[in-house]
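K.L.:
Have a look at this one.
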Amino acid sequence: MNSQNTPVHIRLWHHEFWRMAIANLLLTMSVYMLIPTLPLWLMSEQHLSQTETGWVMGAFGVGLFVFGPFTSFLVQRFRRNMVCVWAVLLMMACLGMFYYLDGWQDAVDDLTLLLALRVLFGAAFGLAQMVLASTLIIDTSESFQRTEANHAASWFARFSLSLGPMAALIIGPKLGFPIVLLVSGGCALLAIILILLVHFPFRAPDDHVRGVSLDRFFLPHGFLLFVNLLLVTLAAGLVLSLPLTLQFYAMMMVGFLMAILAQRFVFREAELKSEVVSGLVLGIAALLMSLTRSQAVVHYVSPLFMGFSLGIIGSRFLLFFIKLSRHCQRGTSQSTYMLGWESGIAFGLGIGYAVFQSDRQQVLFSALALAVAALVLYQYTHHWFIHNKNR
């Protein structure tokens, strides 16, 4: 039986790792809080059309790739924790700019400025995540614990996909979008404090540091995995472009928790292929229920299935990227996974608004088509992975 399981080491969960994991949670929450609130602000306060709103939301995905080629140079040339801190500070500056624009009496009426802000926000987040996941989290764990460290820390970021929008939906209707921005900035600030509380010794840079490279940015021979993951997250982003309730995100969180339990007890000795296939089948079932049924129970079961699907697929694909990487490419595999996950959600959000105008039927049909395509492609991807993995 071709099965793999991630071991659990209690010694991994020391205070430095906890700080990095929680920093990861807070950093991603600061981004995901804008998913349900920023589009409403753009359309109601800035008077953008749904198409223009889609461009602004999708621009974040473009920004994720901007600093990627320079990540390795920055990490080796400067103190790696400070590179992450400065990237998060840039995120906070972008949030501060949105807060400033909200204070204007009239609409900004400048789509270029809003697009530039979102690209810069995505670029700063992408750099912060690449450094945090590919370097800082790894540096807080022993060599034999690093796969588990990446696996565990990624779950904290995954939780924020439900916790971030939940917090925004609780705060936004009562206190307004400016307070959402302040709380988002507060999460980023707390992430900075946690990072600074961990000591990272200075490392002398290599003699020949290349200014531009794929190191810590993108794993070329993981492109097929990247595309397969992108199909899944595009479908998720499309669904998240719909007007969703607090209950939806709460049930999605339940699905995430069930996915963790399933990994430990249901799929522990199961065939390796079963996790992703089961996740995709449940994701397809969730979309079909939303399309064809209107009973009250569907509003509970569909997001639960979606959370379970994203949790189990995301977790397994991360391990696939790690096992596909060669020597000294662990950090690069982390960044490639992050780009597939985050850009898929961002582009899905953009397409949902710009192309489908948040039309529920069209969005769900398109998400269903992407999920089916991901399932079909995975039949080949899995076979290819088994013959190309390096760990």
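The values are calculated or read from the model by the stated rules, or taken from the named source; none is laboratory data. Worth saying up front: this structure is predicted, and the values here are computed from it rather than measured. Note: ideal-geometry Cβ built from the backbone for every residue, glycine included; neighbour counts use all protein chains shown. Protein only, heavy atoms only, side chains kept; ligands, DNA and RNA dropped before computing areas. Shrake-Rupley method; radii C 1.70, N 1.55, O 1.52, S 1.80 Å.
K.L.:
Go through the stretch 318-336 and report how many residues are of a type in the set (K, R) and either within 17 Å of the chain's Cα centre (by Cα) or at pLDDT 90 or above (or both). Quick ask: steps written out before the conclusion?
P.N.:
Residues of the stretch 318-336 that are of a type in the set (K, R), as a first pass: 323, 326, 330.
Restricting the remaining residues to those that are either within 17 Å of the chain's Cα centre (by Cα) or at pLDDT 90 or above (or both) gives 323.
Counting residues in the stretch 318-336 that are of a type in the set (K, R) and either within 17 Å of the chain's Cα centre (by Cα) or at pLDDT 90 or above (or both) gives 1.
K.L.:
Still on this structure, please answer the following. So T53 ticks every box in (1) buried (at least 24 other Cβ atoms within 10 Å of the Cβ); (2) farther than 16 Å from P243 by Cβ but one. Which box is left unticked?
P.N.:
(2)
K.L.:
On to the next question. Restricting attention to the stretch 136-159, does a residue exist that is open to solvent by 10 Å² or more (accessible area, probe 1.4 Å), part of a helix (DSSP H, G or I), of a type in the set (G, A, S) and closer than 23 Å to F98 by Cβ?
P.N.:
Yes, some residue in the stretch 136-159 is open to solvent by 10 Å² or more (accessible area, probe 1.4 Å), part of a helix (DSSP H, G or I), of a type in the set (G, A, S) and closer than 23 Å to F98 by Cβ.
K.L.:
Something else: Kindly evaluate V62 against the criterion of being out of contact with any Cys (no Cβ under 8 Å at 6 or more places or on another chain) and open to solvent by 10 Å² or more (accessible area, probe 1.4 Å).
P.N.:
yes
K.L.:
Given the options G311, G283, name the one that is surrounded by 17 or more Cβ atoms within 10 Å (Cβ to Cβ), in a helix (DSSP H, G or I), in contact with a Gly (Cβ under 9 Å, 6 or more places away or on another chain) and at pLDDT 95 or above. Steps first, answer last, please.
P.N.:
Working: G283 fails: in contact with a Gly (Cβ under 9 Å, 6 or more places away or on another chain).
Going through G311, G283 in turn, just one is surrounded by 17 or more Cβ atoms within 10 Å (Cβ to Cβ), in a helix (DSSP H, G or I), in contact with a Gly (Cβ under 9 Å, 6 or more places away or on another chain) and at pLDDT 95 or above: G311.
K.L.:
Right, next: Do you know which residues across the stretch 334-391 are within 16 Å of Q50 (Cβ to Cβ), part of a helix (DSSP H, G or I) and without any contact (Cβ under 8 Å) to a residue 60 or more places away in the chain?
P.N.:
If the condition is that a residue be within 16 Å of Q50 (Cβ to Cβ), part of a helix (DSSP H, G or I) and without any contact (Cβ under 8 Å) to a residue 60 or more places away in the chain, then Q362 is the only one that fits.
K.L.:
Would you check which residues across the stretch 43-71 are aliphatic (A, V, I, L, M) and modelled with pLDDT of 95 or more and list them? Outline the logic, then answer.
P.N.:
Pass one, the stretch 43-71, residues aliphatic (A, V, I, L, M): 43, 48, 56-57, 59, 62, 64, 66.
The answer is V56, M57, A59, V62, L64, V66.
K.L.:
Now a separate question. For the stretch 178-203, how many residues meet the condition of being open to solvent by 20 Å² or more (accessible area, probe 1.4 Å) and closer than 30 Å to G164 by Cβ?
P.N.:
Of the stretch 178-203, the ones open to solvent by 20 Å² or more (accessible area, probe 1.4 Å) are 178-179, 182-183, 186, 189-190, 193-194, 196-197, 199, 201-203.
Filter again for closer than 30 Å to G164 by Cβ, leaving 178-179, 182-183, 186, 189-190, 193-194, 196-197, 199.
Here the count works out to 12.
K.L.:
So V108 fits all but one of (1) part of a loop (DSSP other than H, G, I, E, B); (2) closer than 17 Å to L339 by Cβ; what number is the exception?
P.N.:
For V108, the failing item is (2).
K.L.:
So L214 passes all but one of these: (1) in a helix (DSSP H, G or I); (2) within 30 Å of K389 (Cβ to Cβ). Which condition number does it fail?
P.N.:
Here L214 meets the rest and fails (1).
K.L.:
Could you tell me which of the residues V276, V298 is in contact with a helix residue (DSSP H, G or I) (Cβ under 7 Å, 6 or more places away or on another chain), open to solvent by less than 50 Å² (accessible area, probe 1.4 Å) and either more than 29 Å from M130 (Cα to Cα) or among the basic types (K, R) (or both)?
P.N.:
Values: V276 fails: either more than 29 Å from M130 (Cα to Cα) or among the basic types (K, R) (or both).
The conditions single out V298.
K.L.:
I'm trying to understand the selection: among the residues of the stretch 335-391, which are among the basic types (K, R) and either surrounded by 24 or more Cβ atoms within 10 Å (Cβ to Cβ) or over 18 Å from P39 (Cβ atoms) (or both)? Steps first, please.
P.N.:
Step one: filter the stretch 335-391 for residues among the basic types (K, R), giving 360, 389, 391.
Passing the criteria: K389, R391.
K.L.:
Of the numbered conditions (1) buried (at least 20 other Cβ atoms within 10 Å of the Cβ); (2) under 25 Å from P220 (Cα atoms), V88 satisfies every one except a single condition; which is it?
P.N.:
Single failed check for V88: (2).
K.L.:
Give the residues of the stretch 204-233 that are within 18 Å of the chain's Cα centre (by Cα), open to solvent by 30 Å² or more (accessible area, probe 1.4 Å) and hydrophobic (A, V, I, L, M, F, W, C), sorted by residue number.
P.N.:
F218, F223, V227, L230, L231
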